[in-house]
Structure formats: C-alpha cells, structure tokens
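The values are calculated or read from the model by the stated rules, or taken from the named source; none is laboratory data. Since the model is a prediction, treat every value here as computed from it, not as a measurement. Don't worry about glycine lacking a Cβ; one is built from the backbone with ideal geometry, like all the others, and counts go over all protein chains shown. Surface areas here come from the heavy atoms of the whole protein model, side chains and all, with no ligands, DNA or RNA. Shrake-Rupley method; radii C 1.70, N 1.55, O 1.52, S 1.80 Å.
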Amino acid sequence: MSDHAIEHPQAPGLRRFLRRFRTNRTALVAAVVLALVTIISLSAPLLAPYSLHEIDVPNRLSGPTPEHWLGTDSLGRDTLSRLMYAGQVSLAAAGLAVAIAIVLGVPLGLLAGYRGGVLDWLLGRGADVLMTFPAVVLAMAIIAATGPGLTNAMIALGVVYSPRLFRVVRSATLSVRQETYVEASISIGTPALSIIARRILPNVLSPLLVQISLMLAAALLAEAALSLLGLGVVPPTPSWGGLLGVGFTEIRTTPLLVWLPGIAIAITTLSFNLIGDGLRDALGRETRKGD
Amino acid sequence: MLLLIARRLLVTIPLLILVSFLIYSLIALVPGDPAVTLAGQDPTPEQIAAAREELGLTDPFIVQYWHWLVNAVQLDFGASLFNSEPVASAIAARLPATLSLTVLALLIAILLGVAAGTLAGLRPGSWIDRVATFSASVGVAVPYFWVGMILVLLFAIQTPLFPAIGYVPIGDGVLTWASHLILPATALAIAPAAVIARQTRAAVANVMTEDYVRTAEAKGLPRSRVVGKHALKNAALPVVTVFGIEANRLIGGTVVIEQLFAIPGVGQLAFTSVFSRDMPMVQGVLLTTAVLILLINLLVDVSYGYFNPRVRQL
Amino acid sequence: MRTGQPNQPTGGTASELLRISELRVDFATEHGWANVLGGVSLDIHDGEIVGLVGESGSGKTVTGLSILGLVPSPPGRTSGGHIWLHDEDLTEVAEPRLRQIRGNEISMIFQEPMTSLNPAFTVGDQISETFRRHRRASRKQGTQRAVEVLDLVGIPNAATRVHAYPHEFSGGMRQRAMIAMALCCDPRLIIADEPTTALDVTVQSQILDLLRSMRAEIGTGILFITHDLGVVAELCDRVVVMYGGEVVETAPVHDLFQLPRHPYTEGLLSAMPQLGSRTAKLASIPGHTPEPWAMPNGCRFGPRCTYHQESCSESPVALESAGTERQARCARLAELNLRGAS
Ligand SMILES: Nc1ncnc2c1ncn2[C@@H]1O[C@H](COP(=O)(O)OP(=O)(O)OP(=O)(O)O)[C@@H](O)[C@H]1O
Ligand SMILES: [Mg+2]
C-alpha cells in the first residue's frame, strides 16, 4: 500500500472516502432503507401475498383489511403485492437508464478529457445541446420518434442524462491528465489505455459515484413521470409511476392508491439523494463549489 | 451591460442553431420509412405521400434541414400530420397557459426558497435551520406530480378550496386565473424551492461572516437592510445559477402537470403530439422549449452583471 | 486635554465622552471559553485622541468592536463591564438605540480596507446610505454628502468617483473611502483601527491632518488603534498599552515615551528605532503573545518579562496609579526604573 501511495501522488483515497462516508449517519440510514426497498422488491415472487394479476372483485377498491394489508385497486388486485412487483420494474428501469448514461458518458468523457482538442470541443458542444432541454421533454421527443415502451424510454433517458456524466468525467480526467506524474508516464511511452485504467479511472471514480447516485434518483422520477403518462412502462406491467397514474383516476374514492406509490417513489429518491449527498460530503472538495 | 448582453447572444445563437439541428435530426431516429410510420394507422398511399411531402423527405437530409430552418426562423414550423393545423398557431394558442403556470411556479419557488434559505442561513445550526434543511431534502426528493395529486386530494377534494382541474385565461379575472393555477404551480415549485433554499442557506451563511456585513452593521443600518440589501445581493450569485438549472427542470415538469390538471398548454400539446407521433408538432414544441430555456439562461447570465459589478466590464 | 480625575465606576462627567470599565469578553474556542478581554478600562474625553497600542492579538480590535456592540456572537460574549457614552451604558441600551448610535455618534474605521466595502454597491451609495439613514436625507443630499467627504479624504475627482465600485479603487483609496464613510455623520467618537497601514507616507499624513482637524473643528474624540508608535507620538494626547487582553499601562503621550512604567512598554519603546519614524513596527520583544485559552497565571506578560520574579506569577496584578494621570499594571511598579525612548 505504501509504495502504491508514492506511485500515485493523487490517489483518490477511496478507502478514506468510504470511511468518511460511513461516519455520515444520514447517508448510512438512507443506504439501509434503499437496501430494504431493493430486497423487498426483488423478492416479490417470494414475499408478495398475491400474484401480480390475481383479481378479487368482491373486495375491489377496499381499504386496508386483514386479507389486503394495503387495500386493493379497481379490479380488486392486492396493492401491496403490486407495489412490490412495481418496485422491481421501476428500479430496473432507472438502473437501465443510468447504465446507458454510463456507457455513453464515461468513455466519451475520458476520451474528451484525455485527448482534448477539437474532439473535446465537439463533444462539449454536443453535451451543451443535449443539456439545453429538460430531460423529460427530450426523452419524450425521442420516444415520439422511436415509439413508446420501456426499453425505448430508458434508452432515451440514458442518452439525455449521459452529458452530465460526460462533464464530470471529462473535468476529472482533465485535472489528472495535467498532473506531472501522468505527463511523465505519457512521455515515457506508457500506453494510453494503461494510463487511463491505472491513473485516471481511480480518480474519476469518486465524483462519478456521487453523480450516479443523484442520477438514479432523477431517473426514477423521470421514469415515473413517463410511465404515468403512458410513455414508459405500459400496463399490464406495473411500475410505481404507472400505479400512480391509475390510482389518480380513483383519487376521489380510494386516495390510498395515490398515497402509496408516491411514498414508495419519494422514499427511494430521498435515499438515493441522501446517499449522493453523503458521498459528496465524503469527497470534501466537491461540496463548496457553486455548481 | 449592453456589451455583456451582446456577448451572451453571440454564444446563444450558435447553440440555438445546433439545438435546431438536433431537433430536426430526430426524424432520422424514426425506424423504417418515416413517412409510412408516421402517416397514421393503416395509411392510404395518399396519406403517405402527404406525410412525405409535409416532412420534406424527398430531398437530401441537409437540404431538408435547411428548408426547415429557413421556415422555422420565419415562425413556420409546418403543419400537424393529423389535423393539418399550423404548428406555430397551435403553439401560440397554448403558450399563455404554460407561461402563466411557469412564471407563477418560478415566483413561488423563489419566494419560498429565498425566504426559507435566508432564515436558515442567518442562524446556522438553529432549529429553524434544521427544519429548513430537512424539508429541503424531502422537497427535492418528492415527485412533483405526486405532490400535485396530493394537493388536489387535500385542497380540491377533501377541502374544496381550489378547482381540481382546468385553466382560465388571465383576461377572465386574475383571481379565477390564480385559483386555477395555484395547485399545479405549487406542485411544480416545491423541488426548485428546496434547491434554491439549500443554495441560499449556504450563500447567506457564508456572506454573513464577511467584513462588509460587519461594516453595514457598524453604520447603524437596521437589520432588515443589512440582510436584505448587503447580504442578499452578494448571496444571490450562486442562487441565480441554480435558478437557471431549476427553471429548466420546472419547464420539463409542466408536461406532466398540465396533463394532470387538464391545462391546455404547450406541455399538454407535447404529450398529445408525442403520443400520436406527430413529428412536426413535436419539433415545434421542442424548439419553443429550447428558445424559452435559452432566454432564461440569457437572463441569468445578464443578472450576473447586476449582482456582481465586476462581471460587467469583462 | 485630560483634566485628571480618579477612575470612578459610575457614569461619565461632562467632558468625558466614553468610559470603558472592567470590560470582559470571551470567545468560545475548541479549548473552551477563552478570555480575550480581561477587564479593560479606558476613557476618552471630547476632542481627545487616545492611542491604543499593543501586539497583534492583544485585543485592540475586540475592544473597538465592543464599544459598538459588534463582537460577533457566537462565538463571542461580553461577560462583564460597562461602556458609558456620556451617561448611557452601551452594554445596557436596547438594540434600536444602539443602531442609532452606530455610524452616527460613534463610527469605526476597520482594519481591512480590501474586504470591508461591499463589492456589490458603489462607494458613493455605501457612504450616502449611512448619511441617509441617520439624517433622513434624500438620495440627492446623500450623494452630495458622499462627494463632500470623499473630497475631504483626498479622493481626486470625487464627483465622478462616487459612482465607482470598490473593485475600481486601489487599496489606499478604499481605506480613504472607509474613512470618508466614518466621517460622514460628524460622529462624536471615531474608532480608527489601523486606518493608515495601507497608505503611503504622504497620504498617511493627509489622513492624520484630517483627523486632527476633525478634532479641532467638531471636537470629535478618537480612539486610534495602531502598531506604529511613531504615529502615536505625532498624533495622540494619551496612550493606552494593551497586552494579552489587559491594559498594562496608560499615560499622557510624552510621559509614556519619556518614562515607561511597565516593562512591556519599555520593550515596545526599545523596539522602536527612532522617535518620529513612521515605519517603526513593534517586533523584537522575544517570545510571543499568549493564546487567549492559555493565559499565564498572575502577570500575563510574566513569561516574557526581563524583570520577572516568582512573585509576579502568584496572583493577578491590578492596574494601579503610577503618578499623575497615569496607571500601570506591574507587581514591581515601585522598585523598577525603566528606560524611555531616547
Ligand atoms: N471572531 C473571533 N473568534 C475567535 N477568536 C477571536 C475572534 N476575533 C478575535 N479573536 C481573538 O481575540 C484575540 C484578540 O484579537 P484582536 O483582533 O482584538 O487583536 P488585535 O489586537 O486587533 O490584533 P491585530 O493587531 O492583529 O489586529 C485574538 O486572540 C483573537 O484570536
Ligand atoms: Mg486588530
């Protein structure tokens, strides 16, 4: 470890970073809550009291009862079970969008930051253009062209979000690239890929983690908005946004159908945000900047 | 100051051209032959030909774009593929509702955010600060569309204070106009207010320790002027920066909110045209949104000059 | 100037402008409460210029801030003492009254000219604002007054420079703008915290002339905080020497220079190369000021004092009369014969 540190004067101190993160109680609680939400959603097939489409017509639109802890919807389907299954879909959808953003944004950010020049300029302007639009609006426009559906919607969101990662990675890369020890490695002919993997990626990782955590929250919200409008996840597949959309039509009789999916989304986004804030605080120098 | 505006315009216009190119390129994403895909369900050959004509697909791509751009500059965005309504007039008819909603929501966000952030920043660590900071965390995370639904439930259904849906032009009376917009605007304002509050808190807490605030106190100014004039004008810069970002997000939110509250605005038009894949309309809406957002960014940039005199001479 | 009465713990007399008695200020630090002012007493008469000298960290600025009730809280607190402005106790008066006094009856020129002006407003606005607040004047009258005082402190083209922003001013000009701001309401007392440090010698003597004429024309009393004994000799009527948050000696200026009664004052004088030189700085007493959370027992100067005896560190030393109109805080006051400035 010690000569490692000499070799990397700018090493990110990932360990110290994680240690500082662990002392942040709020972020830690958020991480636990998020883990619970994820585990409960993923084990829906095991835990859910009813199957996804099981209909109990006599008990439709019921409030909480011993049989249906959180009531039922207009077809008499069990809300608790549907929330659990919907969680799978929503989390997976948000994850997919962010994964696409990573696949697009990170390599391009590394490239632009490492190479600089015209390429950097062009990619930078491209990012500016994409960032001009509100994420949901641009994603909708892409969906208009490609057609609706979960995958299309998440690809669209991924594309729309990629410039944010691009910018973070680019500026982190640029600052490491200008360190003397990196310039020295380059001048003695170390291959670019090896420099990127060994010197640059470790430094990019921390700010990237912060951004990814915050982006998961944003993607979850955007996915819910699109599904609510019927442009993302479409029925009969349940998602939290979709449940909210259907629930809204019953708001006068069964407000619970609006309260519950909303609370599920809010708790999850809050957790992602708090984790992101915790990571950012653990990163220290990022916090005080205005942007 | 004028120079500053001119310089910003010089950056904005090329960006707008790039943006327009992106908007036009969306057509290229349409799978298969766009004319066939977009002409509607089971199109007749005439409908396909009409769609091809309307979309200008007969020329090479860059020529198509050029024609579209030249027309767009003259506020001619073509016509809807569905009802042949000119896109420009459809948007113009819906702009007032969206602008009303957006401006009101931004006002609420600023007032709420700056007030809460200032109170918190004046006494860091106090209970006001802790309540404000916690509320801000929640405010950023709650889905705005859900907040809208809950507001309808609480203030339109359970306690019928405001109408649940609909829009009344401001010409028909400011009060009815406002009463229709207050719930959707509040729903849109919560998250930006939270972000603005956080930023204001940090900036105010920072500025209050500056020497010039002590100077203002030493002059015997009342507290309200020390804070309202000397501290806030300096704290405004970082707040204005997030304001630009939040305005962008808020405008995105109008699409869902207009749908929920049945407000006949541009957002609703965006939704219906996306749903029916009416590309000319989608493009027109996108361009309108982009212009609106670039205008806001321009205002933000220019306001830097007001808040920070040093920027003016650059 | 001073007519020489014994210190009384009561309100002031007719010619007495300000009397601070036994003022204690503490700051919260990571080491607990640190005592920064340990019972400071001093007085200033109408039209009198009192020099307040002492090393960095001795509590000069905190004393000045206390007079205006501007000690930042938290972390600071005033834990005892009184500040009489004529017969008003500033430690007791209500906040609104204090705000009437600040900038109007008492004004302060701060040590940091670069950061004490608000970068977001014009210099003229910041001056005229003070005038308008206290004189209920119009905007136009305010600007007029700003031009007047800027002219007074020697800003060229004051009529156009009022509209400039602080960043368009050099350090020296900002310092002068701060002084102009302090003058604009003709205060009865000016607290000048190292007002001439940023200025070159010609401007410095202009400013000193200006302060003298303020005193002569409107009878302004001045508390002049400085490191520079040369300026003290030239300008002040009386000197108060502070060390470690305490007044260690106070005397009419000539008496102090001729015959210091406290070893610390002797050290200051011997560190001064030449009487009248304006560049002299207090520097070469060995050791350094104690940190406020680690004050020595007994005499606070003890550890650095050449005349130190064990008895000096046994109990706190009181400020005692040391001849006509002068006092010193030394356990060996009676036995020591100290050297003055040559
Ligand atoms: N805001 C504050 N918080 C904590 N301690 C403070 C604060 N302001 C002053 N102090 C402490 O009070 C003591 C006296 O400071 P003060 O600024 O009065 O010194 P000074 O005599 O004016 O020094 P200088 O000649 O450097 O201006 C110092 O030990 C300082 O650390
Ligand atoms: Mg000082």
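Values for this structure:
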| read-out | value |
| --- | --- |
| Neighbours by Cβ (under 6 Å, 6+ apart or cross-chain): first from segment B:18-47, on the phi < 0 side of the Ramachandran plot; second open to solvent by 70 Å² or more (accessible area, probe 1.4 Å) | B:Ala35/B:Arg52; B:Ala39/B:Gln47 |
| Some residue of segment B:182-193 being among the hydrophobic types (A, V, I, L, M, F, W, C) and open to solvent by 60 Å² or more (accessible area, probe 1.4 Å) | no |
| Residue that is more than 10 Å from chain A (Cβ to nearest Cβ) and over 27 Å from B:Ala120 (Cα atoms), where the choices are B:Gln268, B:Gln259 | B:Gln268 |
| Subset of segment C:98-113 that is touching a His at 6+ places or on another chain (Cβ under 8 Å) and open to solvent by 10 Å² or more (accessible area, probe 1.4 Å) - its residue that is farthest from ligand 2 (Cβ to nearest atom) | C:Gln100 |
| Segment A:191-220 residues that are more than 17 Å from A:Leu104 (Cα to Cα) and of a type in the set (Asp, Glu), paired with ones that are open to solvent by 40 Å² or more (accessible area, probe 1.4 Å) and in a loop (DSSP other than H, G, I, E, B) (beta carbon under 9 Å, 6 or more apart) | none |
| For B:Tyr167: the one exception among (1) touching a helix residue (DSSP H, G or I) at 6+ places or on another chain (Cβ under 9 Å); (2) at pLDDT 90 or above; (3) in a helix (DSSP H, G or I) | (3) |
| Answer residue from segment B:222-233, given it is at the interface with chain C (Cβ under 10 Å from one of its Cβ atoms) and not β-branched (Val, Ile, Thr) and is farthest from the chain's Cα centre (by Cα) among those | B:Pro222 |
| Every pair of residues 6+ apart whose Cβ atoms lie under 6 Å, when the first sits in segment C:84-108 and is free of Cβ contacts under 8 Å to residues at least 24 places away in the same chain and within 13 Å of chain B (Cβ to nearest Cβ) while the second is in a loop (DSSP other than H, G, I, E, B) and surrounded by 15 or more Cβ atoms within 10 Å (Cβ to Cβ) | C:Arg99/B:Gly220 |
| Residues within segment C:32-60 that are within 25 Å of C:Ser270 (Cβ to Cβ) and within 10 Å of ligand 1 (Cβ to nearest atom), tallied | 9 |
| Leading residue by the ranking (nearest to ligand 2 (Cβ to nearest atom)) among those in segment C:46-97 that are open to solvent by less than 10 Å² (accessible area, probe 1.4 Å) and part of a strand (DSSP E or B) | C:Leu52 |
| Pair list, Cβ < 9 Å and 6+ apart or interchain, from segment C:184-197 residues that are within 13 Å of chain B (Cβ to nearest Cβ) to residues that are of a type in the set (Phe, Trp, Tyr) and away from ligand 1 (no atom under 16 Å from the Cβ) | C:Cys184/C:Phe131; C:Cys185/C:Phe131 |
| Residue among B:Leu16, B:Leu9, B:Leu69 that is assigned to a helix (DSSP H, G or I), at the interface with another protein chain (Cβ under 10 Å from one of its Cβ atoms) and closer than 20 Å to B:Thr288 by Cβ | B:Leu16 |
| Subset of segment C:62-74 (residues that are within 11 Å of ligand 1 (Cβ to nearest atom) and within 11 Å of chain B (Cβ to nearest Cβ)) | C:Gly64, C:Leu65, C:Leu70, C:Val71, C:Pro72, C:Pro74 |
| Residue pairs meeting the criteria (Cβ under 6 Å; at least 6 apart or on separate chains; first within 13 Å of C:Phe121 (Cβ to Cβ) and within 13 Å of chain C (Cβ to nearest Cβ), in segment B:198-221; second of a type in the set (Ser, Thr, Tyr) and not in a helix (DSSP H, G or I)) | B:Tyr212/C:Ser116; B:Thr215/C:Ser116 |
| Among the residues listed as C:Ser170, C:Ser138, the single one being away from ligand 2 (no atom under 16 Å from the Cβ) and at pLDDT below 90 | C:Ser170 |
| Matching option when the condition is under 21 Å from B:Ile293 (Cα atoms) and among the β-branched types (Val, Ile, Thr), among B:Val36, B:Val73, B:Val63, B:Val30 | B:Val73 |
| Evaluation of C:Leu208 against (1) free of Cβ contacts under 8 Å to residues at least 60 places away in the same chain; (2) more than 15 Å from the chain's Cα centre (by Cα) (one fails), failing number | (2) |
| Verdict on A:Ala153 being buried (at least 21 other Cβ atoms within 10 Å of the Cβ), at the interface with chain B (Cβ under 10 Å from one of its Cβ atoms) and in a helix (DSSP H, G or I) | no |
| Single residue of segment A:250-285 satisfying the filter (of a type in the set (D, E, K, R) and surrounded by 19 or more Cβ atoms within 10 Å (Cβ to Cβ)) that is farthest from the other protein chains (Cβ to nearest Cβ) | A:Arg280 |
| Any chance B:Asn248 is touching a Ser or Thr at 6+ places or on another chain (Cβ under 9 Å), open to solvent by less than 40 Å² (accessible area, probe 1.4 Å), in a helix (DSSP H, G or I) and polar (S, T, N, Q) | yes |
| Boolean, C:Asp43 is touching a His at 6+ places or on another chain (Cβ under 6 Å), more than 12 Å from chain B (Cβ to nearest Cβ) and away from ligand 2 (no atom under 16 Å from the Cβ) | no |
| Hey, C:Thr29 touching a residue at least 12 places away in the same chain (Cβ under 8 Å), within 12 Å of ligand 1 (Cβ to nearest atom), over 16 Å from C:Pro290 (Cα atoms) and touching a Phe, Trp or Tyr at 6+ places or on another chain (Cβ under 9 Å) or not | no |
| Search result, residues across segment C:259-282 that are hydrophobic (A, V, I, L, M, F, W, C) and either more than 16 Å from ligand 2 (Cβ to nearest atom) or modelled with pLDDT of 85 or more (or both) | C:Leu259, C:Leu268, C:Leu269, C:Ala271, C:Met272, C:Leu275, C:Ala280 |
| Selected residue [within 14 Å of ligand 1 (Cβ to nearest atom), open to solvent by 30 Å² or more (accessible area, probe 1.4 Å) and modelled with pLDDT under 85] from C:Thr202, C:Thr197 | C:Thr197 |
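Yes or no, residue by residue, for (1) under 30 Å from A:Glu250 (Cα atoms); (2) away from chain B (no Cβ under 14 Å); (3) at pLDDT below 80; (4) open to solvent by 10 Å² or more (accessible area, probe 1.4 Å):
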site: A:Val57; (1), (2), (3), (4): yes, yes, yes, yes
site: A:His68; (1), (2), (3), (4): yes, yes, yes, no
site: A:Gly76; (1), (2), (3), (4): yes, yes, yes, no
site: A:Leu111; (1), (2), (3), (4): no, yes, no, yes
site: A:Arg115; (1), (2), (3), (4): no, yes, no, yes
site: A:Met131; (1), (2), (3), (4): no, no, no, yes
site: A:Pro148; (1), (2), (3), (4): yes, no, no, yes
